[in-house]
Amino acid sequence: MAIESTLLIVKPDGVRRGLIGEVLRRVEAKGLRVTALRMMTIERELAERHYAEHREKPFFEDLVAFITSGPVVVARLEGERAVEVLRTMMGPTDPATAPPGTIRGDFGLEITENLVHGSDSAASAERELALFFG
């Protein structure tokens with residue numbers, strides 16, 4: 001199997017709730033390696049580029065407003081099938097339907113504040129990693 005890279009964002013609600021360490025602990029325990037890590041506040045322009053595929057959707061403004069509402073932690077993760085592994089660990093977008101044992105299932109409170117973001121494909125990972133890590 002090939003080693004992949006993917007983007008993880010611990011969103012403002014995860015940072016506010018003190019879940020950075022727990023999310024990173026789970027990622028590392030699963031075998032993914034953190035190869036770059038930083039805390040930042042995402043500016044609106046970057047948020048709009050990150051969520052560009054949702055620009056015409058009614059929830060676009062809410063996405064941008066939330067991700068720019070406070071500090072986030074962004075990480076480059078590497079490992080076997082990293083994109084798929086992280087997506088499985090996160091669970092479905094809606095925490096109400098996310099199974100126990102997933103990050104969103106264990107800690108998520110609502111669909112609009114769902115703790116984490118992970119790239120949904122290798123192509124998305126490449127684009128998103130370039131946005132956040134150059």
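Values quoted throughout were computed directly from the atomic coordinates according to the rules given, and no laboratory measurement underlies them. On a predicted model such as this, the values are computed, not experimentally measured, just so you know. As a convention, Cβ positions derive from the backbone with ideal geometry for all residues, glycine included, and neighbour counts pool all protein chains shown.
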Checking the a/c ratio against 1.5 first, then a/b against b/c, what shape does the Cα gyration tensor give for the stretch 20-134?
oblate
Only Lys, Arg, Asp and Glu count, each charged at its Cβ (+1, +1, -1, -1), so figure out the dipole size of the chain about its Cα centre, rounded to 20 debye.
380 debye
What distance in nm separates the two pseudo spin-label positions at Ser121 and Thr97, each 7 Å out from Cα along the beta-carbon direction?
2.0 nm
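Between Glu110 and Arg33, what FRET efficiency comes out of the Förster formula 1/(1 + (r/R0)^6) with R0 = 30 Å and r the beta carbon distance, rounded to 0.05?
0.45
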Here, Met40 and Ala65, labelled 7 Å along Cα→Cβ, have an inter-label distance in nm of 2.4 nm
Using a 10 Å cut-off around each Cβ, can you sort Lys11, Lys57 from fewest to most neighbouring Cβ atoms?
Lys57, Lys11
Relative contact order, percent, the chain [alpha-carbon distance under 8 Å, six or more residues apart]
37 percent
Mean-position separation - Cα centroids, the stretch 80-134 and the stretch 18-53, in angstrom
10 Å
Helical contribution to [θ] at 222 nm, DSSP H n ≥ 4, -39,500 (n - 2.57), averaged over the chain, rounded to 500
-11500 deg cm²/dmol
